[in-house]
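Reading through the structure tokens given below for one structure.
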Amino acid sequence: MIEQLYILPVLLFSVIIHEIANGWTALKLGDPTAKMMGRLTLNPIPHIDLIGSIVVPLFSLMAAGSVFIAWAKPVPVDPRNFAHYKRDDLIVSVAGPVSNLILALACSIIVILLALVTRSVGAWDSPMAEQAMEFLLRMFYGGIYLNIILAVFNLIPVPPLDGSHVLASVLPDSVAAAYTRIGFLGIFLILFLMRVPAFSSAFNGIISGVFAPFRMLIDYFL
């Protein structure tokens, strides 16, 4: 379990960036709610969700030996401030997963640079320096996969995930309103679905497909 702790810093940073991306996009589209609530900050305290940021990651770490998913406290968004309700809500919802894909690309570039530095240096002068470089490589390489998981996970069309807003944007208003009222009860549905072999296989297949070009990028330069 301790060996998996290297992923926790990039996990915390990634879920925070995801929420900031949602809040910043909402601000640009006319809704200042997240800014007024102090959520457009890298300070982790306002973003920490007891269940999603602490309980679920620690439970999965202890039960499975790895952290497969986590989430931060969703940023408050008031769609009534949007000029185009459905369109702008859709854009805000997609911003979070897109930010995770951008982070996956950033992690890929860092992995390439770290690997090139390691290759040029050859043997490190001290075991501590070698261990530090190995830690960074593992953390950022894990960050690629982790951010892809976060992007795909958040696009699952079950409330309160971003994907539910994407689906709601194409539903009739009355149906969308009833659908979104599921709220955080949807988390239990998601956790159940993750235990269904067919769903988890499809989920992992999508992740592998999205991960492929990032791996190809690293292989190209290394």
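Computed values, structure above
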| quantity | calculated |
| --- | --- |
| Yes/no for residue 92 being in a helix (DSSP H, G or I), among the hydrophobic types (A, V, I, L, M, F, W, C) and at pLDDT below 90 | no |
| Test: residue in the stretch 115-125 that is modelled with pLDDT of 90 or more, out of contact with any Lys or Arg (no Cβ under 8 Å at 6 or more places or on another chain), in a helix (DSSP H, G or I) and not acidic (Asp, Glu) | yes |
| Qualifying position, being out of contact with any strand residue (DSSP E or B) (no Cβ under 9 Å at 6 or more places or on another chain), modelled with pLDDT of 90 or more and surrounded by 17 or more Cβ atoms within 10 Å (Cβ to Cβ), among 99, 53 | 99 |
| In the stretch 165-193, the residues that are touching a residue at least 40 places away in the same chain (Cβ under 8 Å) and closer than 22 Å to residue 70 by Cα | 165, 166, 187 |
| From 34, 83, residue being surrounded by fewer than 19 Cβ atoms within 10 Å (Cβ to Cβ) and either modelled with pLDDT of 75 or more or outside any helix (DSSP H, G or I) (or both) | 83 |
| Count - residues of the stretch 189-204 that are surrounded by 11 or more Cβ atoms within 10 Å (Cβ to Cβ) and of a type outside the set (Val, Ile, Thr) | 9 |
| Given (1) at pLDDT 80 or above; (2) more than 19 Å from residue 187 (Cβ to Cβ), index of the condition residue 6 fails | (1) |
| Yes/no for residue 218 being among the hydrophobic types (A, V, I, L, M, F, W, C), more than 27 Å from residue 23 (Cα to Cα), touching a residue at least 40 places away in the same chain (Cβ under 8 Å) and surrounded by 12 or more Cβ atoms within 10 Å (Cβ to Cβ) | yes |
| Residue 158 under 21 Å from residue 212 (Cα atoms) and of a type in the set (A, V, I, L, M, F, W, C) | no |
| Within the stretch 147-201, considering residues that are in a loop (DSSP other than H, G, I, E, B) and either among the basic types (Lys, Arg) or more than 24 Å from residue 79 (Cα to Cα) (or both), the one modelled with the highest pLDDT | 196 |
| Selected residue (only one of 215, 195 is within 18 Å of residue 151 (Cβ to Cβ) and of a type in the set (Lys, Arg)) | 215 |
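The values are calculated or read from the model by the stated rules, or taken from the named source; none is laboratory data. Please read these numbers as outputs of a predicted model, since none were measured by experiment. Note: ideal-geometry Cβ built from the backbone for every residue, glycine included; neighbour counts use all protein chains shown.
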